[in-house]
Amino acid sequence: MRVLLALLFATGVSLIADGVLPKAFGDDAKPTGPSTDPVFTDEQRAHWSFQPPTRVPLPTVKDTSWPRQPIDNFILAKLDAHRFHPAPPADRATLLRRVTFGLTGLPPARRDIESFLADDSPEAFARVVDRLLASHHYGEQWARHWLDVVRYADSLGGTANFPFANAYRYRDYVIRAFNEDKPFDRFVQELVAGDLLPAGDAEVEADRMTGPGALLLGPYILNDKVDAAADQIGMLTRALIGLDISCSRCHDHPFEPLTTGDFYALAGIFTSTESKRFERDLVLPGGDKIRVLSVKEGKVENLKIHLRGDPKTLGDTVSRRFPVILAGRNQPKLNDKHSGRLELAKWLTRRDHPLTTRVIANRIWQRHFGVGLVTDPDNFGVSAVTGPSNQQLLDWLALHLVDQEWSLKALHRTIVLSATYQQSSSIAAATPQSLTRNPRSTDPMNHLLWRQNRRRLEAEEIRDSLLFVSGQLDLTMGGSLLAKLGLGNGAELKKNNRLQLVVNNFGNMLQRSIYRPVIRTELHMAELLEAFDFPGRDAASGQRQASTNAPQALLLMNGPFVLDQARHSAEDLLTGQHLDDRARVQRLYLQSLGRTARSDEVTAAVEFITSWNQGLTNVTDDEVRRTFAWQSLCQAMFMLNEFVYVD
């Protein structure tokens, strides 16, 4: 462990460490016993993430012409301090592809590319951003990120693997909430305690009753009440405040100032809530009646500590409350007649809460730059290997979110309109001030953002792009395959050939990937998604892996789904009778890679088509032979790094 940490710091991590490793972090750290009256060190109490965000003046910079948004001042000031220059702006086609994937998860349409490249007005890019934020595809993309964080799935998992028949109602609620730019504080309140918020019209009722549905989507919801509460606490605290308080269930946390008392105090809130497969009947604004996963108040109780996690060995009773390190010792007593979820929701969304706004701002930054200002988006505690790379910027983003009435779209707009975001990702493009200050050697991991980061598309983006380019993407929103197949909550998937029924229909779904069911323990049915690192949904996950392996290349080379989309793409290109082959190649490049083809690329592609036509001597039908040739070219395009990466 100590050798690993030494290597990390030796390779540049020290550039970003505003904080230091906690003293408990090491090979000799031992769990402590249970504590209901914790004693914290001065270092723990002073940890940066436990203090409210601080507003500071914008840093002064040498090149005052470079910043386009306030965040640029924070980035450029750091670059100035290290005598780095920012990279030049990305070319317009690259920038359009980057922002379109970033905000919608789809490639730009050919006509949108042509329109943007023809518009040389200063406001052209801002208009693109506003159009993308207004698209319903924005909600589909960013709901997908959120569903990772709340470990969304459409089934329980395990041996029986019962469906969550109405889980999709929560998924569709999240998409709608993001598209409508529901204020994030309201979104959090609906997640934690929507059923306890004031009643309203049919739309308000649908949202506030559906919001808590994520609490019921864990794999342990049918276990005993403390198991279920631990899953809910783990999901909520990782998702919202970047701490996993469920780790304090059996003993005081060895590295964080979190105690068993903190865990059982929160657990009492959730064991006082009825949540085992509870569903509500709702009437939608249009009059339709539906059922949604939801919760309701249960029998209010304070829990005894389970010593070493053993429910048969009980310790002191802990009153329901919030973590002491964040809320202090002198907290108002929670009402004996209510669980405390409403108070928890309001506490989490206080304007001065030290973590909630920082964590969501960091998650959004991470998605736009590939890495967060806090590297691990799920760990803001003292056990994090490093502190934020730019704490003043993170605090500015958190406060800006509140200033903008908790609007996530406003935060997106500020980020993508910045000069920092619009930099080229090319390493060669960044010109060092001198050979001794070359950022490629001094900051090889790009912690200071002297250029934009290149990123591989995520699994759903790859699948959706293939369908989009081939013209086969079904843009219908919502719906549930399990509902169409008549599989309710009691339909054990491992019995009566039900799982095979799902598999048989799963591959025929041509909607965006977010609408396909996530079946726990059976993720292999989504072959392309599994190959490209779709995460298991047993636990909350704010950051996916991005592996590179042979099966990915083989799948793009030989996978039936990829071959089908290549064929559809070829047939679409050949329907344009007014186009010659060189024009078809240009259209294919625009649709697949988001840019025009160079003249040498066009020549090579046409020669490839000609060679294939001549080589298929066993195919006598000219049209079939020509389609095969173009299908092979389309498939070759899908196998390019440029197709699955965004610069």
Q. Looking at segment 499-552, which GluC sites (Glu not before Pro) are in a loop (DSSP not H, G, I, E or B) and have at most 11 other Cβ atoms within 10 Å?
A. none
Q.
Spelling out what I want: for every residue of segment 447-456, take phi, set θ = phi - 60°, compute 6.51 cos²θ - 1.76 cosθ + 1.60 (Karplus), and round to whole Hz; glycine and proline get x.
A. 5, 8, 6, 7, 8, 7, 8, 7, 9, 7
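Ranked by accessible surface with a 1.4 Å probe, highest first, in what order do PHE278, PHE628 come?
On the way: PHE278 45, PHE628 90 Å².
Accessible-area ranking of PHE278, PHE628, largest first: PHE628, PHE278.
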Q) If you average the sequence gap of Cα pairs under 8 Å that are 6 or more apart and divide by the length of segment 412-523, what percent do you get for the contact order? A) 24
(Q) I'd like the orientation of helix 70-81 relative to the chain: the angle between its Cα long axis and the longest Cα principal axis, in ° from 0 to 90, rounded to 10. (A) 90
Q: Would you work out the relative contact order for segment 327-438, in percent, from Cα pairs under 8 angstrom that are 6 or more residues apart?
A: 18
Q: Report in % the part of the accessible area of the chain that belongs to carbon and sulfur, leaving out ligands and nucleic acids; probe 1.4 Å.
A: 53
Q) Considering only protein heavy atoms, what is the solvent-accessible area of HIS447 at a probe of 1.4 Å, reported in Å² to the nearest 10? A) 50
Q: Once you have the Cα-Cα distance between MET445 and GLU623, take 0.36 nm times their residue separation minus that, and quote the gain in nm to one decimal.
A: 59.1 nm
(Q) Show me, for segment 551-564, the HN-Hα J-couplings you get by feeding each phi into the Karplus relation (A = 6.51, B = -1.76, C = 1.60, θ = phi - 60°), rounded to Hz, glycine and proline as x. (A) x, 5, 5, 5, 5, 5, 7, 10, x, x, 4, 5, 4, 4
**Q.** Nearby lysines by direct alpha-carbon distance to LYS225 (threshold 17 angstrom, same-chain neighbours under 8 apart not counted)
**A.** LYS276, LYS296, LYS299, LYS304, LYS312
Q) Mind checking the dipole of the chain: about its Cα centre, +1 per Lys or Arg Cβ, -1 per Asp or Glu Cβ, Debye to the nearest 20? A) 780
**Q.** Calculated log₁₀ intensity ratio I(q)/I(0) where the Debye formula runs over C-alpha points of segment 74-229, q = 0.15 Å⁻¹
**A.** -0.91
Q | Approximate shape of segment 585-632 as ellipsoid semi-axes (Cα gyration tensor, √5λ), whole Å, largest first | A | 24, 11, 6
Q.
Under the rule of at least 5 residues apart or a separate chain, name every residue whose amide H is placed under 5 Å from the amide H of LEU303.
A. GLY268, VAL318
Q. For VAL416, what charge total do you get from the other residues with a beta carbon under 12 Å from its beta carbon, if Lys and Arg give +1 and Asp and Glu give -1?
A. +4
Q) How do LYS296, LYS312, LYS346 stack up against each other in accessible area, from largest to smallest, with a 1.4 angstrom probe? A) LYS312, LYS346, LYS296
Q) Hey, any idea what Rg/Rh is for segment 196-303, computing Rh the Kirkwood way over Cα pairs? A) 1.05
Q.
With the crude spin-label approximation of a point 7 Å out along Cα→Cβ, what separation in nm comes out for ALA46 versus LYS312?
A. 4.7
**Q.** Estimated vicinal HN-Hα couplings, Hz - segment 304-310 in sequence order (Karplus 6.51, -1.76, 1.60; Gly, Pro = x)
**A.** 8, 5, 8, 4, 6, x, 8
(Q) Just to confirm a number: summing +1 for Lys and Arg and -1 for Asp and Glu over residues other than VAL619 whose beta-carbon lies under 11 angstrom from that of VAL619, what do you get? (A) -1
Q.
Using square roots of five times the C-alpha gyration tensor eigenvalues, list the equivalent-ellipsoid semi-axes of segment 500-647 in whole Å, biggest first.
A. 33, 18, 14
Q | Per residue solvent-accessible surface (Å²) - the chain, probe of 1.4 Å | A | 42
(Q) Over 10 Å intervals from 0, what percent of Cα-Cα pairs in segment 281-438 sits in each interval? (A) 8, 22, 26, 24, 13, 6, 2
Q.
If every alpha-carbon in the chain counts as one equal scatterer, what log10 I(q)/I(0) does Debye give at q = 0.07, 0.09 1/Å?
A. -0.50, -0.82
Q: Note the angle between two axes, namely the Cα long axis of helix 225-241 and the longest principal axis of the Cα atoms of the chain, as a number of degrees from 0 to 90, rounded to the nearest 10.
A: 60
Q. Tell me, what is the Rg over Rh of segment 535-615, with Rh the Kirkwood radius over Cα pairs?
A. 1.12
Q.
Taking the Cα centre as origin and putting +1 on Lys and Arg beta-carbons and -1 on Asp and Glu beta-carbons, what dipole magnitude results for segment 174-235, to the nearest 20 debye?
A. 100
Q.
Contact order normalised by length for the chain, with contacts defined as Cα pairs under 8 Å and 6 or more residues apart; what percent is it?
A. 21
Q: Rounded to the nearest 10 degrees, what's the angle between the helix 459-470 long axis and the longest principal axis of the chain, both from Cα atoms, 0 to 90?
A: 30
Q | Charge dipole magnitude, Cβ of K and R +1, D and E -1 - segment 52-159, Cα centre, debye nearest 20 | A | 260
Q: For every other residue with a beta carbon closer than 9 angstrom to the beta carbon of SER541, add +1 if it is Lys or Arg and -1 if Asp or Glu, then tell me the sum.
A: +2
Q. Considering only DSSP beta bridges with both partners in the chain, what is the antiparallel share in %, to the nearest 5?
A. 95
Q) Picking from ILE241, PRO254, PHE270, whose Cα lies most toward the positive end of the charge dipole for segment 231-295 (charges on Cβ: Lys, Arg +1; Asp, Glu -1)? A) PHE270
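The values are calculated or read from the model by the stated rules, or taken from the named source; none is laboratory data. Keep in mind that what you see is a predicted model, and the values were worked out from it rather than measured. Using ideal geometry, Cβ is built from the backbone for each residue, glycine included, and neighbour counts are taken over all protein chains shown. Ligands, DNA and RNA are stripped out before the accessible areas are found, and what is left, the full protein with its side chains, is counted by its heavy atoms. Shrake-Rupley method; radii C 1.70, N 1.55, O 1.52, S 1.80 Å.
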